[in-house]
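In what follows, a single structure is set out as structure tokens and then discussed.
A short reminder: the numbers here are calculations on the coordinates, not readings from a lab. Model, not experiment: these values are computed from the prediction. FYI the Cβ positions are ideal-geometry reconstructions off the backbone, even for glycines, and counts take in every protein chain you see.
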There are 2 protein chains.
Amino acid sequence: MATVTETAKKYKVIGTRPIRHDGVDKVTGKALYGADIRLQGMLHGKILRSPYAHARIKSIDTSKAEAHPDVRAVATALDLAEVADTLAEVGEDVFTSMKYIRDNVLASDKALYRGHAIAAVAAASPHAAEEALSLIEVEYEPLPAVTDVESAMAPGAPVLHEHITTSGLDDGPETGTNVAAHDQHRLGDIDKGFEEADLVVEREFRTKTVHQGYIEPQTATAWWTPDGNVTIWCSSQGHFGIRDSASQILGLPVSRVRVVPMEIGGGFGGKLQAYLQPVAAVLSRKSGQPVSMTMSRAEVLEATGPAPGGLVRMKIGVTSEGRITAAQGYLAFEAGAYPGSSLGGATACMLSPYNIENLLLDGYDVVDNKPKSSAYRAPGAPIGAFAVESVIDEICEKLGMDPIEFRLLNGASEGVRRADGVAHGRIGMIETAEAVRAHPHYSAPLDGPNRGRGVAFGFWRNNTGPSSVVASVTPDGTVMLVEGSVDIGGSRTAVAQQLAEVLGIPVEDVKPQVADTDTIGVTSNTGGSGVAFKTGMAAFEAALDIKAQFIERAAMLWETAPENVEYEDGALLHRSDSELRMTFKELAAQLSDTGGPIAGRASINPRGVGGSYAANIVDVEVDPETGKVTVLRFTAFQDAGTAIHPSYVEGQIQGGAVQGIGWALSEEYFMSDDGRMLNSSFLDYRMPTSLDTPMIDTEIIEVPNPGHPFGVRGVGEASLVPPLAAIANAVYDAAGVRMRGLPMSPGALRKAMEEKGGE
Amino acid sequence: MATVTETAKKYKVIGTRPIRHDGVDKVTGKALYGADIRLQGMLHGKILRSPYAHARIKSIDTSKAEAHPDVRAVATALDLAEVADTLAEVGEDVFTSMKYIRDNVLASDKALYRGHAIAAVAAASPHAAEEALSLIEVEYEPLPAVTDVESAMAPGAPVLHEHITTSGLDDGPETGTNVAAHDQHRLGDIDKGFEEADLVVEREFRTKTVHQGYIEPQTATAWWTPDGNVTIWCSSQGHFGIRDSASQILGLPVSRVRVVPMEIGGGFGGKLQAYLQPVAAVLSRKSGQPVSMTMSRAEVLEATGPAPGGLVRMKIGVTSEGRITAAQGYLAFEAGAYPGSSLGGATACMLSPYNIENLLLDGYDVVDNKPKSSAYRAPGAPIGAFAVESVIDEICEKLGMDPIEFRLLNGASEGVRRADGVAHGRIGMIETAEAVRAHPHYSAPLDGPNRGRGVAFGFWRNNTGPSSVVASVTPDGTVMLVEGSVDIGGSRTAVAQQLAEVLGIPVEDVKPQVADTDTIGVTSNTGGSGVAFKTGMAAFEAALDIKAQFIERAAMLWETAPENVEYEDGALLHRSDSELRMTFKELAAQLSDTGGPIAGRASINPRGVGGSYAANIVDVEVDPETGKVTVLRFTAFQDAGTAIHPSYVEGQIQGGAVQGIGWALSEEYFMSDDGRMLNSSFLDYRMPTSLDTPMIDTEIIEVPNPGHPFGVRGVGEASLVPPLAAIANAVYDAAGVRMRGLPMSPGALRKAMEEKGGE
């Protein structure tokens, strides 16, 4: 795992690989995850879920359940607050209406997917709660269901939301529709662009609904006291976001909802939204006792937000020299039960590796009778890139052009506009392509038959948001770093490293923790690959704040002006008296007696985000008998900007690659005709295991982001963008078939090979 | 409960009586106290205690206990760190050596009182732990014990600490002694003073060891992980103090000890010291599991720090007009097993109500075979005041002078020096005396025989220390106030009121919480009546910090200079454009989008402490048959400076009065000749109940402290200073006997009345 880096020379702490601060707590069981909370008198909550993929709810009779001797409370949508139909960010770059979120938490008039929450029970034991669910009588009027994007868009399809109409979407007569939104990006003159092309390739791609597959299921414990304050313990990708959703759904001011962030067992975008939290809160309000709820794996798969399935038609024109003249895309994404898919992430990013003057992207957000989709690591971008990078691979083949030469020729650079009109800042696309070309893997021989190699590129724009940090200096010179960013991938350490770098102290002398919503200021979600960027920058500012106060305190002790004191390498120096020198630790021990303790703080909402490029070289072998694809070698490249903790950057890259292998080869929601998920267990929903994946080799490219003091870009997501196409391109190289539908399961690939053989 | 106050007119939030923020959590059981922690795999720890009041420990064999199938760890003093013999503050104004604290936690070479911790066991159940204690074999060499101050000081008394000698204490040959320290205060010329006196009264007083009697016993839970970090959950009067002690006793840097403050069920000075915390930590280290320990009531009484018993000889000379010319005192206080009684509090405060130019106080800190004494509300001062105020009452009687006239004539005022040489600042002694004289109780008739009235005064100096506050503004305009001061008497609200006053917002819009040692900066103990002063001042400064940032943010939004923005009554105004106005809440909602959230912070160690005066008028009836004293009426006066939350000030005054009634009339440690406490239960240790006390009427005097922005003095302790003498003086008025020993139990009083009758 080589790292292309200058960092180690420039910095003392940044670029090193310390052991994570929370490591021992996590391996010894001291760290508490979502379901580890035990409270006096705690009840157990369970949810009754719709057996129909689409049905009108005519009545809910909870009286028999309420009469159950062990039941303490029953809740339905009537117990939730009225919520205005306002737009809310529910994932990174994924927006929906707050009213939809509420209706997804507990259905009001309609059940929109099998597994949709209808009612909830809190009882003295989980068994009693389960039993009581069967006593709730729901009268449904079943309706025909649609569970893929084309059926949902077909004329005469059953309409999920009667108030969504074609008005504004097209010019015909106004009818009900499942198309919730049309998102269009246009640059230049698309017709002129295609006229200039010598070669135009247009293909259609389909991807299935896939799940993030985090290990820890959704869980929430709530305790509502009679003064109208509720505490919620849960893991999430942003306890402030959960607080904000819960406060609206419960009709409480945000300050009355305290969300305590528990450790999280994986999120990948799927733990940004509220599911159980408001339900547990309502059950606690009605019972007067704390209520704990945890989903089963089937509930996680059937009722939380997976990544949407998508249909993408991609058309790209190039000159005979290989210069792209135009690109046009049509995208239709399955939002699931409520509007708001990750379409915007796809349209903004899918073409961003390239400099394309003429482009047109039309995206359609389509509801169907599946769980409301959610963010999944670079939301939307992998689906878009699968189409773009497959078409480009075909173009390179047709032109007889090396795929890296193609990227170097067409690669985006500073000033080039993305599809969404944003002009790139300093980016690392060209550096990434050069790193791929220079890597031994790129030119290594492929030994053996049925083997092939593919490459693909991808981009993720990254994100920012408010972030708050408080850092208190203890008498032993340790800095207690309190932050609001949930730590999923080691960010406690990556943020602590940035603080330590400024103060010139070892990162082991920083003790980071993630505090609850009452304890630290507003901090935005752990999403958009933003934590090392925004919370790192907050830590940087808090460290400067400490530094300034240390200088003032030293000046006071030395009876001189602050201007005469220098802070260097973790020590204070008198500029004109070399005898006067104090280490950070020495001064820390004297703070209380010289005026009081010192704390640094920063509350920011920084600009300056820098997007990240990723690329893969993948070797596969295709079994001609079974159609099974074996990934033989996988090298993943990514521009991290400055890699704060290279091991964690590598871990992110490896994780994205493995999730990409799953998405490409084996993962999918199998739906029955009546909208039932047929594989809602980890036995049947086939995520890759270590037996399915080779070692993922990584190469970090470091093109510092000028918008961050240390050059951080954010590394969590771009790694999942290229794998789908890279593997498809490798499969083509090995088996001679272009797979344009995912997953490339043995059955699908064998069928494609047979068809090709029969051509 | 009248309040002499101008506050209500001057302030909007200060001086009001809001419901405490933590009230609902406390009455619904949501608030977690020390023993409410439940952790995965938690073991139960128990302590083996010495059956001897004084013994050399020759050997401890723990092998059989270790072999018990349910035992996971056994600990002795050998498991604690070597600790330097350095002075440490263990209570407000009570100092001892860190080595003594360690030896008190687990005895090393000697057991110094019955109940002294010898060894500890952690087992899977409390019963197994108890059982295993009996398997520990300790070989003791019993030594003769001393359990009162006079026996301990007698020539030839058994010496507790061989290294403490008479060297430096007197001029004779150096011998072992139980006198650990001599504390002397001298002002003016004591001989000349007595020469000028027309009347000299000299009397001797004795008080017994009494306990603070908090409801919640000591408890601690610790979890030590293999990386050398330990988390301790416990209630205490200062988790930073517990952290500092534990870190030394465990040999860890302070940053590796995280102390989480649980709610506290009473402290009164008795929960400043570490007892169980280091033991639970060591057992956790050895077992690898979390360990929880809770004392029984008998353990609390026999092995935590009570207030010392004391012997005081007091001599006061006055002119025939009643002016004090000289005062001389001899004090000997029982420190208990290790040096460090509350002597200093007595000598500094006992004469401070008066302007005395010539004085001499000699205090002796005496060790004996009782549990190490601890702070108890105005530590030492009640014992000293009992002597001084009794002698003055007798002087007034002999002079035929009204006791209030005497106080007005001799009362201390600004500039007068206290016994410890400190010159008074602006104080409220005269105002307090005037309030007593003006109160209807002072002149009300005493209806019936055997009834009497007494008055007495008292002073407590109060204290300060470092304090840290962080206050984050939420989008709904609530301020999340994070402080480091443990809340015993409602200080969350009293501190929140000071923040709210500055910001011009309702106190309900402040949400205070006490954070752990990793989360907030260093904050000194909840002791010395200091929280409303020091943490209130920190909140004041944090609010100013928020205010300045709000002004800057408004200026940015209005595109003007901060100088053009005014902050008034919780709103921002443009000085020259009356159209431009924003409330605190309106701007709070916009913070994240206009640059980031806002947090205020302050970390201070303020000067400017102002002492507090208290006075009582007490009516009693003495049953001539039984000697039982019934308190008929009790009016308590106190100068609070500015009363931030008058109800909580009144509560403090009432609590001090009731504890004074117990100390005066019924509480005492009964010791057997071999040093066994014979009444170590709340059935036999007689604290007053509501049946033993009348309604305590209160009157708050408000002489603002110029050293605090709102005039706070601190009110927690002075209330316990006058009751002992006030009740004794009332008993004299009723029964004609001067009781100079406490408690004035029915037996003691009947004996005194019989002796007097027989004269």
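Assorted remarks:
- Normalised Debye scattering of segment A:492-571 at q = 0.21 Å⁻¹ gives log10 I(q)/I(0) of -0.96, counting only Cα atoms as equal scatterers and leaving out solvent.
- Mean projection of the Cα convex hull over all viewing directions, computed for segment B:187-269: 10.2 nm².
- Across peptide B:514-521, the average count of Cβ atoms from other chains found within 10 Å of a residue's Cβ is 6.
- Local electrostatic count at A:A129 - Lys and Arg +1, Asp and Glu -1, tallied over other residues with Cβ under 12 Å: -1
- Copy-to-copy label separations for A:E508, where each label sits 7 Å from Cα toward Cβ, in nm and ascending: 5.2
- A Förster distance of 60 Å, applied to the separation of the beta-carbon atoms of B:D227 and A:D362, puts the FRET efficiency at 0.65.
- Rounded to the nearest 500, the 222 nm mean residue ellipticity of the protein assembly as shown from helices alone is -8000 deg cm²/dmol, with -39,500 (n - 2.57) taken per DSSP H run of at least 4 residues.
- Once backbone amide H atoms are built at 1.01 Å from N, A:L39 has no partners under 5 Å, excluding neighbours fewer than 5 places away on the same chain.
- Cα-based radius of gyration for the protein assembly as shown, normalised by 2.2 N^0.38 Å, reads 1.06.
- Position B:R607, label points 7 Å along Cα→Cβ, spacing to each other copy in nm (shortest first, one decimal): 4.7
- Pairs beyond 20 Å (Cα-Cα), from A:K26/A:K585; B:K99/B:K534; B:K192/B:K315: A:K26/A:K585; B:K99/B:K534
- Across the alpha-carbon atoms of segment B:258-354, the computed radius of gyration and Dmax are 20.9, 73 angstrom.
- Segment A:581-632 and segment B:346-408 have Cα centres lying 63 Å from one another.
- Positive contributions from Lys and Arg (+1) and negative ones from Asp and Glu (-1), summed over other residues with Cβ under 12 Å from the Cβ of B:A180, come out at -3.
- Computed over chain B: relative contact order in percent, which uses C-alpha pairs under 8 Å that are six or more apart: 16 percent
- Cross-link reach list, aspartates and glutamates versus B:K628, counting only Cα pairs under 15 Å and skipping chain neighbours closer than eight places: B:D619, B:E667, B:D692, B:D733, B:E754
- Sorted shortest first, the separations between the A:D61 label point and its copies elsewhere in the assembly read 7.6 nm; each point sits 7 Å from Cα along the Cα-to-Cβ line.
- Amide proton proximity set for B:T583, modelled H, under 5 Å, gap of 5+: B:L572
- For B:V712, the residues whose modelled amide H falls within less than 5 Å of its own, excluding neighbours fewer than 5 places apart on the same chain, are B:T642, B:N705.
- If you wrap segment B:95-173 in the convex hull of its Cα atoms and look at it from every side, the mean projected area works out to 7.6 nm².
- Qualifying GluC sites (Glu not before Pro) in segment A:275-353, where qualification requires a DSSP coil assignment and no more than 15 other C-beta atoms within 10 Å, comprise A:E321.
- Within the shell defined by Cβ-Cβ distances under 12 Å, the residues around A:L678 carry a net charge of -3, with Lys and Arg each +1 and Asp and Glu each -1.
- Across segment B:290-297, rounded Karplus estimates of 3J(HN,Hα) from the backbone phi angles (6.51 cos²θ - 1.76 cosθ + 1.60, θ = phi - 60°) give x, 10, 10, 9, 9, 7, 7, 4 Hz, Gly and Pro being marked x.
- Rounded, prolate or oblate (a/c below 1.5 giving rounded, otherwise prolate when a/b exceeds b/c) for chain B by Cα gyration tensor: oblate
- Taking a ≥ b ≥ c as the square roots of the Cα gyration tensor eigenvalues, segment B:368-460 comes out oblate, since a/c reaches at least 1.5 and a/b does not exceed b/c.
- Point-to-point label distance, A:E552-B:R313, nm (Cα→Cβ direction, 7 Å offset): 5.5 nm
- Working note: Karplus 6.51/-1.76/1.60 with θ = phi - 60° gives segment B:457-466 the couplings 10, x, 9, 10, 6, 6, 8, 9, x, x Hz, where Gly and Pro are set to x.
- Here the Kirkwood formula, the inverse mean of 1/r across different C-alpha pairs, assigns segment B:349-414 a hydrodynamic radius of 14.0 Å.
- The calculated FRET efficiency for A:R426 paired with A:R686, based on their beta-carbon distance and R0 = 30 Å, is about 0.15.
- Label-point separation in nm, B:E204 to A:T165, each point 7 Å along Cα→Cβ: 10.3 nm
- Using a Förster distance of 41 Å, the FRET efficiency for B:D623-B:S320 (Cβ separation, nearest 0.05): 0.65
- Annotation for segment A:302-397: chymotrypsin sites (Phe, Trp or Tyr not before Pro) lying in DSSP loop with at most 14 further Cβ atoms inside 10 Å of their Cβ do not exist.
- Between A:Q40 and B:S443, the simple spin-label model (points 7 angstrom out along Cα→Cβ) gives 5.1 nm.
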